[in-house]
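In what follows, a single structure is set out as C-alpha cells and then discussed.
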C-alpha cells in the first residue's frame, strides 16, 4: 500500500473521530435542553447564544480540574481504564460505511461485537481498581447487565445477517431499497432499541449508575479528565447505537441528509426515554433479557433461517 493511501486513511480516521467528539458534545447539550423542556424548565442558556457553547465550557471545566485518585487504588489500571474505554468506543466508529472511505470492513459486524465485548472489561477494571465498595458493586452490576444484553443483541443481529447473508454493513442499504427491515421485523427492532438502552447503561436500565442506591456506581471515584472520558465514551456509544439502528432497520447508509436526521431522531429517542420512564428493578431487567428477549430473538432467528432455506 502506498504511503499516501496510509496517510489518507489516518486523516479520514482523525476527521471521523473529531466529528464524533463534536457530535457527542452537542448530544449532551441536546439532552440537557430536551430534559429541561420535558420538566418544564429552560436548560442551559447562559454560555453563548441559547447555551450553544455550554459543551465547550463543560469540557474546559472538567479537563482543567485537579486529577485526584484514591490512596489505596490500583493506580495504573485506575488511570488507564477510562482511556482504553474511550479508545474502544471511538474504534467502533471506524465501521461507518462511507462510500469514499479508504477502508471497508467485510466483517464489520464481527468487529463491532468484539469491541463491545472489550468495553465490559474497562467498566469492570474501573470499578475494581478504585478500591471502593460502591464502585465495585456498580461495576459488577454493569458487567452482568452488559454481558446479558450482548447475547440478545448478537442474536437479534443474526436475524438481519441471515436475511442479507453478509457481515458488511454496506449491504444493508442494497437490501432495504424497497422496504425497510423495520417493517419486516418490527418486534425485533423494538427489542433492539430496548437492548441498546441496556447496553449503553441508559435510563430505564441505568443500574451501573444507580444514584439512589449506589452513590453513582462504578465511576464514583473518578473526577476531572477520567470522568470526562467515561462520559464521552457513553455518549459516543449512544450515537453509534443510533447509527447502527438506522443502518440495520431504517434504510441503511445513503449519502443524504435524511440518514443524519434519522440518526438524530433515534438519539433523541434515548433522551426522550430518559425524561419519561422510571428506573426498572434489577431482577426484572435480568428476567426481561433471559425470559423475553432471548426466546423472541431465537424464535425469529429460526423463522428467518427457515424462510431463507425455503426461498432458496
What are the residues in region 99-121 that are in contact (Cβ under 8 Å) with a residue 60 or more places away in the chain and either in contact with a helix residue (DSSP H, G or I) (Cβ under 8 Å, 6 or more places away or on another chain) or part of a helix (DSSP H, G or I) (or both), if any? 101, 102, 103, 105, 108, 109, 112, 116, 119
What's the total number of residues in region 172-186 that are closer than 28 Å to residue 288 by Cα and exposed (fewer than 13 other Cβ atoms within 10 Å of the Cβ)? 2
Any idea which of 134, 149 is over 29 Å from residue 302 (Cβ atoms), in contact with a helix residue (DSSP H, G or I) (Cβ under 6 Å, 6 or more places away or on another chain) and surrounded by 17 or more Cβ atoms within 10 Å (Cβ to Cβ)? 134
Name the residue, out of 242, 237, that is buried (at least 22 other Cβ atoms within 10 Å of the Cβ), in a helix (DSSP H, G or I), touching a helix residue (DSSP H, G or I) at 6+ places or on another chain (Cβ under 8 Å) and touching a residue at least 60 places away in the same chain (Cβ under 8 Å). 237
Just to be sure, is residue 88 surrounded by fewer than 19 Cβ atoms within 10 Å (Cβ to Cβ), under 22 Å from residue 248 (Cβ atoms) and in contact (Cβ under 8 Å) with a residue 40 or more places away in the chain? no
Of all residues in region 202-218 being at pLDDT 80 or above and crowded, with 22+ Cβ neighbours inside 10 Å, which is nearest to residue 134 (Cα to Cα)? 218
Here is a check on your reading of the model: is residue 73 part of a helix (DSSP H, G or I) and either within 15 Å of residue 223 (Cβ to Cβ) or under 23 Å from the mean Cα position of the chain (by Cα) (or both)? no
Identify the single condition in (1) buried (at least 18 other Cβ atoms within 10 Å of the Cβ); (2) within 24 Å of residue 168 (Cβ to Cβ); (3) modelled with pLDDT of 85 or more that residue 252 does not satisfy, given that it satisfies every other one. (3)
Across region 60-81, what is the total count of residues that are in contact with a helix residue (DSSP H, G or I) (Cβ under 7 Å, 6 or more places away or on another chain) and under 18 Å from residue 233 (Cα atoms)? 5
Qualifying residue in region 13-26 (condition: farther than 15 Å from residue 237 by Cα and touching a residue at least 12 places away in the same chain (Cβ under 8 Å)): yes
Failed criterion for residue 269 (all others in (1) surrounded by 20 or more Cβ atoms within 10 Å (Cβ to Cβ); (2) at pLDDT 90 or above hold): (1)
Scanning region 245-260 for residues that are within 19 Å of residue 177 (Cβ to Cβ) and either assigned to a loop (DSSP other than H, G, I, E, B) or without any contact (Cβ under 8 Å) to a residue 12 or more places away in the chain (or both) gives 250, 251, 252, 253, 254, 255, 256, 257, 258
Selection within region 264-303 - assigned to a loop (DSSP other than H, G, I, E, B) and either within 21 Å of the chain's Cα centre (by Cα) or farther than 23 Å from residue 147 by Cα (or both): 277, 278, 279, 280
Taking into account only those residues within region 1-42 that are within 18 Å of the chain's Cα centre (by Cα) and more than 25 Å from residue 274 (Cα to Cα), which is surrounded by the fewest Cβ atoms within 10 Å (Cβ to Cβ)? 18
Output the residues belonging to region 49-63 that are surrounded by 13 or more Cβ atoms within 10 Å (Cβ to Cβ) and under 23 Å from residue 224 (Cα atoms). 51, 52, 53, 54, 55, 56, 57, 58, 59, 62
Going by the structure shown, is residue 238 under 22 Å from the mean Cα position of the chain (by Cα) and modelled with pLDDT of 90 or more? yes
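The values are calculated or read from the model by the stated rules, or taken from the named source; none is laboratory data. What you are looking at is a predicted structure, and each value in this text was computed from that prediction instead of being measured. A quick note on method: Cβ atoms are made from the backbone with ideal geometry, for glycine too, and the neighbour counts reach across all protein chains shown.
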